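K.L.:
Following this message is one structure expressed as structure tokens.
The values are calculated or read from the model by the stated rules, or taken from the named source; none is laboratory data. Remember, predicted model here, so these are calculated numbers, not experimental data. In this analysis, Cβ positions are derived from the backbone assuming ideal geometry, glycine residues included, and neighbour counts consider all displayed protein chains.
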Amino acid sequence: MTAAMSKEQVRFRAMTLEDIARIVEIEQEAFTTPWTSEAFRNELFNNMFARYYVMVHEGRIIGYGGMWIIIDEAHVTNIAVSAEWRGNGLGERLLVELQRRAVGFGANKMTLEVRVSNEVAQRLYRKMGFEPSGIRPGYYSDNQEDALIMWAELSEERSNDPRGHFGEDDGDTEEQQS
Ligand SMILES: CC(C)(COP(=O)(O)OP(=O)(O)OC[C@H]1O[C@@H](n2cnc3c(N)ncnc32)[C@H](O)[C@@H]1OP(=O)(O)O)[C@@H](O)C(=O)NCCC(=O)NCCS
């Protein structure tokens, strides 16, 4: 399905326990070594640094992203858009939203690892201000693929990017549920 998407049609809110089954569905179609429900539950309940968000269209989760906020650094742990919704600018919107929220938490830079073969994601990251800063050799356990480490500077200006402001927050209080 090609999703004709207008910016008013998606909303963001903090991930909750009830979201995990759907998140794991997307995770499994997106990654060769997907996180389990338990891994997400741990992030939500046991990791004080973790902040996870879902992107919702007509009540259905179509993407999500998460990060650890460690003082002034935001470490993105995962970001994915449901396969049928890719190519509509939603991955970019999701990342803008993570960046905006990271700035809100006091981060001034953001980092992530990406498979060296994942050119789609790398293009998105470069477009969003990330630059390569090194390689973690054999980082991915399934095929020992290297990870490219990327960093972006964050700024208030970027956090005010209108692409990050579409739809209401659906009651998101900026708090991780507990
Ligand atoms: C990476 C991912 C989140 C991108 O989401 P998306 O909604 O498809 O991306 P967007 O439509 O917002 O595209 C944003 C940019 O990404 C890049 N991009 C997206 N699709 C692309 C494609 N098929 N080929 C090349 N570049 C592409 C482009 O730079 C694009 O900007 P442009 O349209 O101005 O050229 C999505 O492909 C995904 O979930 N992939 C599987 C999980 C994954 O790899 N996550 C990243 C792990 S590090």
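K.L.:
With (1) crowded, with 23+ Cβ neighbours inside 10 Å; (2) among the β-branched types (Val, Ile, Thr); (3) without any contact (Cβ under 8 Å) to a residue 24 or more places away in the chain as the list, and Val54 as the residue in question, which single condition is left unmet?
P.N.:
Of the numbered conditions (1) crowded, with 23+ Cβ neighbours inside 10 Å; (2) among the β-branched types (Val, Ile, Thr); (3) without any contact (Cβ under 8 Å) to a residue 24 or more places away in the chain, the odd one out for Val54 is (3).
K.L.:
Let me ask another. Just the residues that are more than 6 Å from the ligand (Cβ to nearest atom) and under 13 Å from Tyr53 (Cβ atoms), please, taken from segment 76-94. Please lay out each step first, then the result.
P.N.:
First pass over segment 76-94, keeping only residues more than 6 Å from the ligand (Cβ to nearest atom): 76-78, 82-85, 93-94.
Within segment 76-94, Val76, Thr77, Asn78, Arg93, Leu94 meet the criteria.
K.L.:
Name the one entry in Glu97, Glu38, Glu73 that is of a type in the set (Asp, Glu), without any contact (Cβ under 8 Å) to a residue 12 or more places away in the chain and away from the ligand (no atom under 11 Å from the Cβ).
P.N.:
Going through Glu97, Glu38, Glu73 in turn, the sole match is Glu38.
K.L.:
May I ask you to list the residues in segment 10-46 that are under 17 Å from Leu90 (Cα atoms) and part of a helix (DSSP H, G or I)?
P.N.:
Correct list: Ile23, Ile26, Glu27, Glu29, Ala30.
K.L.:
For segment 146-164, state whether one or more residues are at pLDDT 95 or above and either under 19 Å from Ala14 (Cβ atoms) or of a type in the set (Ser, Thr, Tyr) (or both). Give the derivation first.
P.N.:
Here is the first cut: in segment 146-164, the ones at pLDDT 95 or above are 146-154.
Adding the requirement that they be either under 19 Å from Ala14 (Cβ atoms) or of a type in the set (Ser, Thr, Tyr) (or both) leaves none.
No, segment 146-164 has no match at all.
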